[in-house]
1. Go over the candidates 89, 162 one by one and state the one that is modelled with pLDDT of 85 or more, under 17 Å from the mean Cα position of the chain (by Cα) and outside any strand (DSSP E or B).
2. Considering only region 213-234, I want to know if a residue exists there that is among the hydrophobic types (A, V, I, L, M, F, W, C), assigned by TED's automatic domain parsing to the domain that holds residue 21 and touching a Gly at 6+ places or on another chain (Cβ under 8 Å).
3. Would you pick out the residues in region 25-56 that are closer than 16 Å to residue 112 by Cβ and either part of a helix (DSSP H, G or I) or free of Cβ contacts under 8 Å to residues at least 24 places away in the same chain (or both)?
4. Within region 308-327, track down each residue that is over 21 Å from residue 100 (Cα atoms), touching a Leu at 6+ places or on another chain (Cβ under 8 Å) and either charged (D, E, K, R) or assigned to a helix (DSSP H, G or I) (or both).
5. I need every pair where a residue in region 209-237 that is over 17 Å from residue 293 (Cβ atoms) has its Cβ under 8 Å from the Cβ of a residue that is surrounded by fewer than 16 Cβ atoms within 10 Å (Cβ to Cβ), sequence separation at least 6 or different chains.
6. On the basis of being in contact (Cβ under 8 Å) with a residue 60 or more places away in the chain, in the same structural domain as residue 110 (by TED's automatic domain parsing) and out of contact with any Asp or Glu (no Cβ under 9 Å at 6 or more places or on another chain), does residue 248 make the cut?
Amino acid sequence: MNKEETTIPDHLLLVLCGPTAVGKTELSLQIAEQFSCEIVGVDSMQIYRHMDIGTAKPTVAERSRIPHYLIDIVNPDEDYTLGTFVMDAEEAIQSIYSHKNIPLLTGGTGLYLKGLLNGVFDEFVGSEKESATTPKKTDTIKQNLRERLEEEGSQKLHNELAEFDPESAQRIHPNDVQRILRGLEIFYSTGIPWSKHLANQSKKNLRYQALKIGLTRPRKELYARIDLRVQQMTEQDLLTEVKNLLAMGYDNKLKSMQSIGYRHMINFIEGNWSWEQTLELLARDTRRYAKRQYTWFNNDPEIIWHDVGETDKIFRNIKDFLIKNNP
């Protein structure tokens, strides 16, 4: 199939999502080469430097075929929020448009994808960006609210929410601690009530018009690929990668170090599990993660699901989408 010459307006993009180990990387490269795409990673772990094997990053050779964004951009001990991802992804997408290419979002972190395409509170994102360079404003607010909850109780905080945001207080039960804290956090971080954020958000058009392709394969086949991936990670020496991270001073309690693969190797290093247990639990937890990813993506009715082998159908869908939406 010859490379398509379709141009694209700067509000269209492609999405390739699905569970871990389903085969997104190779197909994303084929799509990118066929339709003049550059790839934006939508993966909450591939953002970290020095964490290559356990995150199944595209290889150097694969990244040399197609430009990739949002891989190896922060250290394992750096805080990276949804708001930060959205800002970084927006910047990457605009860069791709400036190259006259098509952004292809590829990955399995559904929350990142939803935040980018459906939007997060603009003002709240701004406060997250500020907190990356100043004393962490939102973290301080969260901590103060938690302390007040312990001292004063949920009813008093609910009454306070009713003063600033009566509409939210009306829909939130006085015992719903999580939402009470969230409502107060948003107000104290942005000065704007949660209900107003939601009203503004509902009025906005989606930032982009996206073709969302979900990639799947038979469950037994997926689980066999997960088992194979675990074997490949051990052959590539994931254990040494984790030992090197610890030697570099990265604490084993970091969020990044407690992710799948890394926490398993740490448990082996600390003598909590045998090697056989480590590999068994790593495969089991990866399968469970794949199930959770399916559950998340299945809640998005805009995703068009294809078996990984349906390459021709996928390419035809992409071509039709670009032609239809290119005036």
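The values are calculated or read from the model by the stated rules, or taken from the named source; none is laboratory data. Since we're looking at a predicted model, the values are computed, not measured. So basically every Cβ, Gly included, is an ideal-geometry build from the backbone, and we count neighbours across all protein chains shown.
1. After ruling out the rest, the residue left standing is 89.
2. Filtering region 213-234 for residues among the hydrophobic types (A, V, I, L, M, F, W, C) gives 213, 215, 222, 224, 226, 228, 230, 233.
Checking the rest, the ones that are also assigned by TED's automatic domain parsing to the domain that holds residue 21 come to 213, 215, 222, 224, 226, 228, 230, 233.
Retained after the next criterion (residues that are touching a Gly at 6+ places or on another chain (Cβ under 8 Å)): 215, 233.
Yes, because at least one residue in region 213-234 is among the hydrophobic types (A, V, I, L, M, F, W, C), assigned by TED's automatic domain parsing to the domain that holds residue 21 and touching a Gly at 6+ places or on another chain (Cβ under 8 Å).
3. Of region 25-56, the ones closer than 16 Å to residue 112 by Cβ are 28, 39-48, 55.
Scanning region 25-56 gives a single hit, 28.
4. Residues satisfying the conditions are 311, 314.
5. 209/11; 209/325; 210/302; 211/304
6. On the way: in contact (Cβ under 8 Å) with a residue 60 or more places away in the chain: yes; in the same structural domain as residue 110 (by TED's automatic domain parsing): yes; out of contact with any Asp or Glu (no Cβ under 9 Å at 6 or more places or on another chain): yes.
Against the criterion (in contact (Cβ under 8 Å) with a residue 60 or more places away in the chain, in the same structural domain as residue 110 (by TED's automatic domain parsing) and out of contact with any Asp or Glu (no Cβ under 9 Å at 6 or more places or on another chain)), residue 248 qualifies.
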